[in-house]
Amino acid sequence: MSRDLLSPRCTTAAEEPANVKCKQKFTLGHKVDTTDYRVTPSLPGFGNLTKGYNRYLRPNFGGAPVVIAMSLNVASISSISESDMDYTATIYLRQRWTDSRLVFHGNKSFTLDARLVKYLWVPDTYIVESKKSFLHEVTAENRLIRLFSNGTVLYALRITTTVACNMDLSKYPLDTQTCKLQMESWGYDENDVLFTWLRGNDSVYGLENLRLSQYTVERYCTLSTMSHQETGVTTVLSMTTLMMGSRNSITKTNGFIKAIDIYLGICFSFIFGALVEYAVAHYIMSQKCASNKPEKGSPNDAPTENEDITITSILNTSVTSYNQKINFSVIDNDNCSGLTMTPKDKMRVIFKNKMHKVIESFTIQNPGNIDHYSKLLFPSFFVLVNLVYWAYYLMF
């Protein structure tokens, strides 16, 4: 996007030569079709400054991530609940970033009405582990937008939030708890938005003036980390929550097993089976990788002489050595008439040969086959179980 900044033009009135009237004209961006629904109307009172400005695109769209500098003022902590393991605080959250599309000439800054926020791009910051939050609206929305000539935007909010805090109450009431207030971007990753503290620990203030009834604020620190959203265990916990919720929402006057209980139990079994499959495949793969690595020994030892002790190798070694002994005895029996095999020995040989075949059938040569077959068996079996389930409950 090109940006053209026109210098202020000064004109002298004909009637009053001594008076000089200066007009400033700011042009930002290229011509955009006003019928395009993605284009935000011009910011009222700023003329061409935001003409063609698209609030749905972040600053530096397609380029380097936009850096959001945070500062926090803790106005009050109204309650800390040990029973609910949460705390309620009122905070002033300030966010700063630079938007090159909003650069204008001069050294002034402009404070905008809160209702004009809808015309600008703002970060989608949210409070992690927040149970409930609200923005103060008396007598008007408690938020502020300030524009600086270099394109810096200051966005301030007054928020009251209730945040979960995992507490260890084993030493209650002589306990010390650590509670976090973590903020993230909801829709952007590190390639688009980077959060940082404006002045390190000095970015948070107001805690030194707090007076709590049962607690004393000892210390605090600021951190910037990367968060990775993952599933697995979360799915199991979600299914457990659904199962408990379904039982609590229905009357407990009878102890019958309901259809929803059976269906949730089936889903839970498949999820747990997928976790077990992952654990088995990961363990076997790690054992195989360990067996392929040469052991650290003397430099004179050849890598091919190293042996890794695993369950599979022990079983294979034991069976192989037994086969060698059996083959030797059979040859001896054929060649030497003095050695005979009793029926009991023959049954023992047949039994151990069968056991050898069973062990070989359960030996996994390639751990990757576990995932390959699981991708086919799990969905197929789940569809089959669903057909039986719905056929039973819809037809009978």
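Values quoted throughout were computed directly from the atomic coordinates according to the rules given, and no laboratory measurement underlies them. The model shown is predicted, which means the values in this text are computed figures rather than measured ones. As a convention, Cβ positions derive from the backbone with ideal geometry for all residues, glycine included, and neighbour counts pool all protein chains shown.
Its alpha carbons considered, region 54-209 gives a radius of gyration followed by a Dmax of 17.7, 61 Å.
Can you figure out the FRET efficiency of SER224 with TYR393, using R₀ = 45 Å and their beta-carbon distance, to the nearest 0.05? Please report the intermediate quantities before stating the final value.
Values: r = 52 Å, r/R0 = 1.17.
Working from the Cβ atoms, E equals 0.30.
Quick one: which of LYS131/LYS258; LYS354/LYS375; LYS132/LYS180; LYS131/LYS180; LYS352/LYS375 span more than 24 angstrom between C-alpha atoms? Among LYS131/LYS258; LYS354/LYS375; LYS132/LYS180; LYS131/LYS180; LYS352/LYS375, the Cα-Cα distance tops 24 Å for LYS131/LYS258; LYS354/LYS375; LYS352/LYS375.
For a paramagnetic label modelled on GLN177 (point 7 Å from Cα along Cα→Cβ), amide N atoms under 16 Å away belong, within region 136-168, to 161-168. Backbone amide hydrogens, once placed in the peptide plane, bring PHE61 within less than 5 Å of nothing, excluding anything fewer than 5 places away on its chain.
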